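Have a look at the structure below, then the notes.
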Amino acid sequence: MVQKKYRITIPREYRASLGIGEGDEVELRLEHGQIVIVPSWFVPNPTERLSGLVEGVRVSEEPKREIRKAVADRVKKELEGE
């Protein structure tokens, strides 16, 4: 129900599930004719947020794939050094 001053109450189970507490900031989005409430700290793709934070470093691959590649490169270098 929309109350005075157009306020709404987020049900307890939703607040608990998202970790939203009194005084927390949330973002409201309009998506496909629906209002979506997202906690301000929520990051849908943390890898994309990290890309570009360090000059010259871009994250373009999935983290797991990147880790596998780094491990394979390290093993290859160690084997070549023997």
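Answer yes or no as to whether residue 55 is exposed (fewer than 10 other Cβ atoms within 10 Å of the Cβ) and modelled with pLDDT under 80. Spell out how you get there, then give the answer.
Working: exposed (fewer than 10 other Cβ atoms within 10 Å of the Cβ): yes; modelled with pLDDT under 80: yes.
Answer is yes for this residue.
When both residues are 6+ apart or on different chains and their Cβ atoms are under 9 Å apart, which pairs have a first residue that lies in the stretch 23-40 and is among the small types (Gly, Ala, Ser), and a second that is not in a strand (DSSP E or B)?
From the stretch 23-40, the pairs are 40/24; 40/25.
From 29, 49, grab the single residue that is among the basic types (Lys, Arg) and either part of a loop (DSSP other than H, G, I, E, B) or at pLDDT below 75 (or both).
Exactly one of 29, 49 is among the basic types (Lys, Arg) and either part of a loop (DSSP other than H, G, I, E, B) or at pLDDT below 75 (or both), namely 49.
The values are calculated or read from the model by the stated rules, or taken from the named source; none is laboratory data. On a predicted model such as this, the values are computed, not experimentally measured, just so you know. Using ideal geometry, Cβ is built from the backbone for each residue, glycine included, and neighbour counts are taken over all protein chains shown.
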